[in-house]
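The values are calculated or read from the model by the stated rules, or taken from the named source; none is laboratory data. Since the structure is predicted, the reported quantities are computational estimates derived from the model, not experimental observations. For neighbour counting, all protein chains shown are included, and Cβ atoms are generated from backbone atoms with ideal geometry for every residue, glycine included. Protein only, heavy atoms only, side chains kept; ligands, DNA and RNA dropped before computing areas. Shrake-Rupley method; radii C 1.70, N 1.55, O 1.52, S 1.80 Å.
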Amino acid sequence: MKEDPLHANLTRTEWNEIFHLTDQLFNHVLTTFKEQYAITRHEQEICCLVKWNFSRKEQLAVFNNTSEALTKSKNRLKKKFQLDEKSDLDTFIRLF
């Protein structure tokens, strides 16, 4: 997926496998986020890509979305995590 994010178009089943693998490798981070912050499926997808160190450009390609749409999604996620404006969402997710 990282090699060719433009052609990722992952199915729901493939995302579920990525969620499971991410949880296994990163100390159940997605489960924790769902339980503590009630993140949505799309927010889980964002967290996965951030955890796997996808660049913003790669994230945009995977989601086939505009920069503005990704920014809005990340801002909503930042609010759920109760981060202030100066906090970096990607750093928070990577270090969690």
Of the residues in region 34-48, those that are free of Cβ contacts under 8 Å to residues at least 40 places away in the same chain, surrounded by 13 or more Cβ atoms within 10 Å (Cβ to Cβ) and farther than 20 Å from ALA69 by Cα come to LYS34
If you check LYS79, LYS51, which single one turns out to be open to solvent by 50 Å² or more (accessible area, probe 1.4 Å) and either of a type outside the set (Phe, Trp, Tyr) or free of Cβ contacts under 8 Å to residues at least 12 places away in the same chain (or both)? LYS79
Could you list, in sequence order, the residues of region 75-96 that are basic (Lys, Arg) and within 14 Å of LYS51 (Cα to Cα)? ARG94
Verdict on LYS72 being surrounded by fewer than 18 Cβ atoms within 10 Å (Cβ to Cβ) and touching an Asp or Glu at 6+ places or on another chain (Cβ under 8 Å): no
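So that you can scan it fast, the table gives a plain yes or no per residue for (1) within 9 Å of the chain's Cα centre (by Cα); (2) closer than 19 Å to ASP88 by Cβ; (3) at pLDDT 95 or above:
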{"residue": "HIS28", "(1), (2), (3)": "no, no, yes"}
{"residue": "LYS34", "(1), (2), (3)": "no, no, yes"}
{"residue": "THR40", "(1), (2), (3)": "no, no, yes"}
{"residue": "LEU49", "(1), (2), (3)": "yes, yes, yes"}
{"residue": "ASN53", "(1), (2), (3)": "no, yes, yes"}
{"residue": "PHE63", "(1), (2), (3)": "no, no, no"}
Would you be able to say whether some residue in region 5-13 is of a type in the set (A, V, I, L, M, F, W, C), farther than 23 Å from PHE96 by Cβ and open to solvent by 30 Å² or more (accessible area, probe 1.4 Å)? yes
